[in-house]
1. Going by a ≥ b ≥ c, the root eigenvalues of the Cα gyration tensor, does the range A:292-371 fall in the rounded group (a/c under 1.5), the prolate group (a/b larger than b/c) or the oblate group?
2. Taking GluC sites (Glu not before Pro) as candidate sites, keep only those in a DSSP loop with at most 15 other Cβ atoms within 10 Å, then name the longest stretch of chain A containing none of them.
3. To the nearest 500 deg cm²/dmol, what mean residue ellipticity at 222 nm is calculated for the protein assembly as shown from DSSP H runs of n ≥ 4 alone, each contributing -39,500 (n - 2.57), summed and divided by the residues?
4. Using only C-alpha atoms and all pairs of different ones, pull out the Kirkwood radius for the range A:232-289 in Å with one decimal.
5. At q = 0.09, 0.11, 0.13, 0.14 Å⁻¹, what is the log10 ratio I(q)/I(0) for the range A:19-244, with the Debye formula run over Cα points and no solvent?
6. How about the range A:268-371: which chymotrypsin sites (Phe, Trp or Tyr not before Pro) there are in a DSSP loop, with at most 10 other Cβ atoms within 10 Å of their Cβ?
7. With θ taken as phi - 60° and the coefficients 6.51, -1.76 and 1.60, list the Karplus ³J(HN,Hα) couplings across the range A:244-253 in order, rounded to whole Hz; mark glycine and proline as x.
8. Please report, in Å, the Rg and the Dmax of chain B, where both are computed over Cα atoms only.
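Nothing in this text is a laboratory measurement; each read-out follows from the coordinates by a stated rule. All of these numbers come straight from a predicted model, not from anything done at the bench. Don't worry about glycine lacking a Cβ; one is built from the backbone with ideal geometry, like all the others, and counts go over all protein chains shown.
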Amino acid sequence: MSSTPEVYLDAASSQRLHPAARDTLIAALERGYGDPRRLHGAGRDARILLDNARAVIAECLGAQPEEVAFTASGTEAVQRGLLGLAAASGLSGIVHTAVEHSSVLHTLAWRDSPAHASVAVDGTGRVDLDALAEASRRDGVAAVAVQLANQEVGTLQPVSDVDLPRSVPLLVDAAAAVGHVVLPERWDALTASAHKWGGPAGVGVLAVRRGTGWTNPFPGDDALTADGFPNVPAALAAAAALQAVLTEREEVAARQFRMVEQIRTIAAALPDTEVVGDPVARLPHLVTFSCLYVGGDEIVAALAQRGYGVASGSACTASTLEPSHVLAAMGALTHGNVRVSLDRSTTEAQVDGFCAALTEAVAGIRARAGL
Amino acid sequence: MLELDCRDLPCPRPIIELAKALPSVVVGDLLAVVARDPAARYDVPAWCRMREQEYVGEDLADDGLPRFVVRRLS
């Protein structure tokens, strides 16, 4: 049996823990076990660590510490964020781009409203700003949700150019983008997830600007921070990871951008293959393409067999057997879809190896299909 | 019109059948794919765009399942 380790090319699903986070996590496990609401020594220790984590994350996001709360996940941050903005406004409508993360779509489905509206994107996945401005001015709109970058195709949204009425807050889902691109100053609420930037899983972040109306939509105190015992060591490790990631961001992003450019070129040169998403206004580390006549599950398996771990938005790889709503909204081919996302350790040799494996795998699958 | 019965074929087989059947249709004529596969709704138009054929639209087959109609252009 070959013991070559898998080349992990699915950082956009979850990053391996950043070394800075690992050291901090181990140290914080020793010190951060107490209840930060208690006044004894262990409680005070935990409180210091948690406040420190919050202050670091706030600074990294361009926020004040009191504007930032930890949640159990990026999904929970979106749920608390959107529903809390709606609860404070007394209105129920949420306007969003058609390519938002499923956490946004599920939140809307759970709290249905005739004032919800989905705004179309173009073939690159970029939202129609005029249609967004128009939709946000209709009656009953409580908030607008626009992601900073798309988790499947990497296209960046022009969040700083979104034109909203003063009374309508903008929630920016930055989960796919934090640590990879410069964050905008323009947001009223912002959400993120630590395991997407190299922190531990189970740490989400919800930030709400002072002066933005937000009311707890769930049981418990009307505080941005949810009730329930906080995971202090994980929060501190998430903060350490983000700090470290931002320190190296420019250098890592430039390298990843070039390697992704190479994958885009190789994939585009394959017969009947379409590279999806904006070629320039995109995340540095992520690329998606679709190959005609190839099953998403087949290509993922064929690449895994050759030692490369990738994701797919094709229906046959989804638990629901529904194709990706992102690819569908863009009018892109939904089958034969491959998403490749690099991490800070990905090398040029690994990318070269992947490109060779991809060419071979696609040709093999098509030959078996009789095409 | 040539109608391809892809009712019980999983993604991406309906598109593979469409590609294989195209040469049997005269340029300018229509052919249709009947499929339960939820990806077909997006992938037939995407295939037409990529292969430079015309996507005519979606209607219903005799049994009420979605049918996706294509015109051969080349």
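1. Here the range A:292-371 falls in the oblate category.
2. On the way: sites that count: A:6, A:185.
Excluding the exposed sites themselves, the longest stretch runs over A:186-371.
3. Mean residue ellipticity at 222 nm (helix-derived): -12000 deg cm²/dmol.
4. On the way: mean 1/r = 0.0756 Å⁻¹.
Value: 13.2 Å, from the Cα pair sum.
5. Log10 I(q)/I(0), no solvent term: -0.35, -0.52, -0.72, -0.82.
6. Working: sites: A:289, A:293, A:308, A:354; in loops: A:293.
Passing both the DSSP loop test and the Cβ count: no residue.
7. Karplus-based 3J(HN,Hα) across the range A:244-253 equals 5, 5, 5, 4, 9, 4, 4, 5, 5, 5 Hz.
8. For chain B, the Cα radius of gyration and maximum Cα-Cα distance read 10.8, 30 Å.
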